[in-house]
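Visitor: What follows is a structure written as structure tokens; I'll ask about it next.
The values are calculated or read from the model by the stated rules, or taken from the named source; none is laboratory data. Owing to the predicted nature of the structure, the values given are computational and were not obtained by experimental measurement. Quick reminder, even Gly has a Cβ in these numbers, built from the backbone with ideal geometry, and neighbours come from all protein chains shown. For accessibility, only protein heavy atoms count, side chains too; no ligands or nucleic acids. Shrake-Rupley method; radii C 1.70, N 1.55, O 1.52, S 1.80 Å.
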Amino acid sequence: MICTRQILAGVMAVQSNLHKLVDLAREKSSERRRELLREVTDLFFDDVPAKGSAELDQYDGVLSRLAEDTAEDARAELAERFADSAHAPHGLIMQLARDVIDVAAPILRKSNTLTEDDLVAIAESTGQSHLKLLTTRKSIPEAVADTIVRRGNDDTVVSLVKNSGAQLSRAAFENITERAETNPDFHAPLVARKETPTDLLNDLLTVVEARLRDRILEKFDGVDPDELQQAIDASHARLEARLSNDKTADEAKRYVNAMKLRRQLDGALLVRLLREGQLMRCAAGLAVMTDTDLGTAKRALECPGIDPLCLLCKAGGIDRTLFVTLSVMRNAGKGDALRDAREYGRIYDELSEREAQRAMRFMAMRKNAEAA
């Protein structure tokens, strides 16, 4: 058995080595500093100090100081060695996590030394490359995910949504779902997540492509009817609220109502409005002609994909020619009009009226809720 005297002798030897290395840390030579960094790191792993110990603090100070002025590849090597250590010096880990991305990467991906508060601080103070690497961690606390959603670009946040270990708050889901209206990259990951709120799935119903729409409807089939109605009502209220302060929406509704009274609300009017760039008026007219709400019609016209507009037109009784015309005009200058027209016609023909009506049943429920 090792006696107390031997233990004390070992501790004193380690401290003596550290004191020497602290003095050597003043060495200006880059190559020598690299060697010193390896020496101190080896010394650390030879006998890992306990958490909270003075010895760990001493290692933290020496390693952090050495790493500051050492070449990037040496810092990257240091990060790789400490990324898996449960007792890694905290200050050093935070320093490496904020370093250039090639150094920070292993720390951001897997270091368990980083607390939730640490991860939030890093997410608040670093750029997109660091944020995106944070989204690849095995588990991501809600507060960290909220920060990433608030600060991250779409590419970063898509990566977050794809990570099943990320805990997303209600506010995060709402932010992401709103982004999904103009970025299809969000669609599949949102639909795939088990915990995506039902009302937010309903928000997506008229912006996703057909295969994802079918998956949403399959999910709806397993939801209690009362719960589903509440979700649809919440979806409708939220989407309408976004238009409630839009003066152009009110004006568009008044304009369309006036044209309807004059019996001038028809396909030709929609085409003219879209050609003139009066999208809100066109959406208001489309909403009346398909018996849906303005928010749904506007989203269908603005959605990057063509499926939502096809769904709305097919279920709402808009004929093939008008649908194709609106679709081509909406994408004017973005492709080959003749080729696109043929493709849009094919999509319209392949969508059965029964399938369209099944999906739009939820839009009708919205409309009924509005009328009530």
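Visitor: Cα axis of helix 247-261 to longest principal axis of the chain: angle in degrees, 0 to 90, nearest 10?
Guide: In the chain, helix 247-261 runs at an angle near 20 degrees to the longest axis.
Visitor: Separate question: If you roll a 1.4 Å probe over the chain with all protein chains in place, what percent of the accessible area is carbon or sulfur? Please list the in-between numbers first.
Guide: Numbers: 9030 of 18280 Å².
Ligands and nucleic acids excluded, carbon and sulfur reach 49 percent.
Visitor: Using θ = phi - 60° and the Karplus form 6.51 cos²θ - 1.76 cosθ + 1.60, what ³J(HN,Hα) does each residue of segment 296-301 get, whole Hz, x for Gly and Pro?
Guide: 5, 5, 5, 5, 5, 6
Visitor: Using Cα extents along the principal axes in Å as the read-out, say which of [x] 69, 45, 44; [y] 94, 68, 45; [z] 100, 45, 38 was calculated from these coordinates.
Guide: [z]
Visitor: Sorted by accessible area with a 1.4 angstrom probe, largest first, how do 288, 157 fall?
Guide: 288, 157
Visitor: Measure nothing fancy, just the Cα-based angle from helix 4-24's long axis to the longest principal axis of the chain, in degrees from 0 to 90, nearest 10.
Guide: On a 0 to 90 degree scale, this one is about 70.
Visitor: Also, quick follow-up: Count the net charge of all other residues whose Cβ sits under 11 Å from the Cβ of residue 44, scoring Lys and Arg as +1 and Asp and Glu as -1.
Guide: -4
Visitor: Please compute the per residue accessible area over the chain with all protein chains in place, 1.4 Å probe, rounded to a whole number of Å². Each step should come with its number before you reach the end.
Guide: Details: 18280 Å² over 372 residues.
Per-residue accessible area for the chain comes out at 49 Å².
Visitor: Residue 272 versus residue 257, label points 7 Å from Cα toward the beta carbon: distance in nm?
Guide: 2.1
Visitor: For residue 143 and residue 48, FRET efficiency with R0 = 22 Å and r from the beta-carbon atoms, rounded to 0.05? Provide the component values of the computation, followed by the final result.
Guide: Details: r = 30 Å, r/R0 = 1.34.
That gives a FRET efficiency of 0.15.
Visitor: Normalising by the residue count of segment 183-339, find the relative contact order in percent from Cα pairs under 8 Å and 6+ residues apart. Write out the running numbers ahead of the final one.
Guide: Details: 137 pairs, mean separation 37.6, N = 157.
Once normalised by length, the contact order is 24 percent.
Visitor: Further, regarding this structure: Let me spell out the model: positive unit charges on the Cβ of Lys and Arg, negative unit charges on the Cβ of Asp and Glu, origin at the Cα centre of the chain. What dipole size does that give, in debye rounded to 20?
Guide: Values: 54 positive and 62 negative charges, 276 e Å.
Approximately 1320 debye in magnitude.
Visitor: While we're here: As I understand it, the value is the acute angle between the Cα axis of helix 337-350 and the longest principal axis of the Cα atoms of the chain; what does it come to in degrees, rounded to 10?
Guide: Helix 337-350 and the main axis of the chain meet at about 80 degrees.
Visitor: Okay, next question. Any idea what the relative contact order of the chain is, in percent, if you count C-alpha pairs under 8 Å spaced at least 6 apart?
Guide: Working: 417 pairs, mean separation 34.9, N = 372.
Result for the chain is 9 percent.
Visitor: At a Förster radius of 25 Å, what calculated FRET efficiency corresponds to the Cβ-Cβ distance of residue 218 and residue 153, to the nearest 0.05? Let's see the in-between values first.
Guide: Values: r = 31 Å, r/R0 = 1.25.
E between residue 218 and residue 153, to the nearest 0.05, is 0.20.
Visitor: If you don't mind, another one. Taking amide H positions as placed in the peptide plane 1.01 Å from N, state which residues far from residue 166 in sequence (5 or more) or on other chains have amide H under 5 Å from it.
Guide: The answer is 140.
Visitor: Now for a different question. Before rounding to the nearest 500, sum -39500 (n - 2.57) across all DSSP H runs of length at least 4 in the chain and divide by the residue total; then give [θ] at 222 nm in deg cm²/dmol. Working shown, then result.
Guide: Values: 23 runs with 272 residues, N = 372.
Value at 222 nm, helices only, nearest 500: -22500 deg cm²/dmol.
Visitor: If you add up the charges near residue 256, with Lys and Arg at +1 and Asp and Glu at -1, over every other residue whose beta carbon is less than 12 angstrom from its beta carbon, what do you get? Let's see the in-between values first.
Guide: Numbers: positive: 253, 254, 260, 262, 281; negative: 250, 251, 266.
Around residue 256, the charge tally is +2.
Visitor: Between their Cα atoms, which of 138/298; 51/194; 260/334; 51/138 are more than 30 Å away from each other?
Guide: Details: 138/298 39 Å; 51/194 38 Å; 260/334 32 Å; 51/138 23 Å.
Pairs exceeding the cut-off: 138/298; 51/194; 260/334.
Visitor: Which value, in Å² rounded to 10, gives the accessible area of residue 232 with a 1.4 Å probe and all protein chains present?
Guide: Only protein atoms counted, so the area is about 0 Å².
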